[in-house]
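Have a look at the structure below, then the notes.
Taken together, the values in this text are just the output of simple stated rules run on the coordinates, not laboratory data. This is a predicted model, so every value here is computed, not measured. Backbone-built Cβ (ideal geometry, glycine too); neighbour counts: all protein chains shown.
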C-alpha cells in the first residue's frame, strides 16, 4: 500500500494547540524544513506556519464613538488634534483615516504635499494613551440641540474604537524606480532621478498572502495579529485583484490580493501602529499584521516553504508609467535580490531599500508563534473564502 497523504482539519490543529502539542514554525523556518524534508513530510510534522509584515498601509483608519454629550449633539464636523474625521455617520460616530492630514500645517504652505501630522499619528497617540484634542461642530436640531463641544479625550475613555482598514497586507507590490531626470516624492518614498535607487515594500517569504497565494486558508473570519492585538479578516480588500500572472507555484508576480481587517483598538500597541509622514506625499500609518497559516496538507506546506529567491516582483517607473497607468515594467526581480541591497535596471546596478521592516515582520511571526505555543491563540476556519481566479502558469 502507498503512503497515505497528510490531511488535517482546523479542529484537529486547534485540539493540538489546546493540548500544547502543536508544532508551530515561522515562514522563515518553514523554508528550510520544506527544502530538506519535502512538502509531504513537512506537512506531517508542522501544524501552523506564522507570518508577519510591518509596513505603511495607507488604506487604514478607525471607527470611533466619542460619547454623547449633555445636551446631545449630532456632529457634522469633527477634528482630532486638528485632523478632520468623517462625521457623516450620525450623532457621535466618526471615521478617522490614516492619510487625512492636519489642517493649516505651516509646512504644507511652503512644500505642497508635505505634512508632519495626520490621522495615522492620531491613532498612534490614542493607543499610546496620550490625550487628543476633540472639537465637534453641529448645526443643531430639536433632538440634538448642542452646536459645539471641545474637550480632550483618551482611548480608555472612548465608548468604542475599532481599527478598520479597508485595504491591508498587499499580496506582493511593485519595486519603484524613477527614470526621469528629477527627484520625485511618492508613497514608495523618495526616488532619485535616473534610477539611482529602487524602493520595495514587502516582507517576502514572511508576507502573509505570499504564504497562501491562492487563498486556500485565509478568508472571512480568519483570526490574525493586528496592531499588537487580535484582529480579524472581514472581507477582501478594496483593490483585491487575484487575476494576475503567477509563478508555477501560484505566487503572484504583480500586486494581487488584499485584505480588509479590523480589531479592537483598545487591545493594540503603539509599537505596532506608527504614524508616518512621507516627504512630498503626506501622512500614513505603519501597521503590524500577522496571519497563522494552518498546514492542512502538503499543498499548504509547499506554499509556505517558498523562499525569497522564488518570489518575484516587477520594476516600475513611478515618474511616468505608474501615474499614467502604463502597463510596462523594467525587469523582474526576486526578493532575494531586493534584500541583498542591489538589483540591475537597464543594465546598471541600483541600490535597493525596503519601506517595510523585515526585522519587525520576523518579530510579528515570532510573537504569533509564541501566542499559539502558549495556547493563547487558536485558529478560525473562514466562513467564506476570498475571491480567487484561475491562472495560467508564468511565461517561461
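Specify which labelled value, from [x] 38, 29, 16; [y] 53, 23, 21; [z] 43, 26, 19, agrees with semi-axes √(5λ) of the Cα gyration tensor in Å derived from the coordinates of the model shown. It is the one labelled [x]. Principal-axis analysis of the Cα atoms of the chain puts helix 358-373 at an angle of about 80° to the longest axis. Between the helical axis of 27-45 and the longest alpha-carbon principal axis of the chain there is an angle of about 50 degrees.
Judged by the mean number of other Cβ atoms found within 10 Å, the most tightly packed of the peptides 5-12, 130-137, 49-56 leads the ranking 49-56, 130-137, 5-12.
Dividing the helix sum by the residues of the chain, where each DSSP H run of 4 or more adds -39500 (n - 2.57), gives a mean residue ellipticity at 222 nm of -5500 deg cm²/dmol. Under the shape rule built on the C-alpha gyration tensor, where the axes satisfy a ≥ b ≥ c, the range 244-340 is oblate, since a/c reaches at least 1.5 while a/b does not exceed b/c. Across the chain, the mean sequence separation of Cα contacts (distance under 8 Å, 6 or more residues apart), normalised by length, yields a relative contact order of 25 percent.
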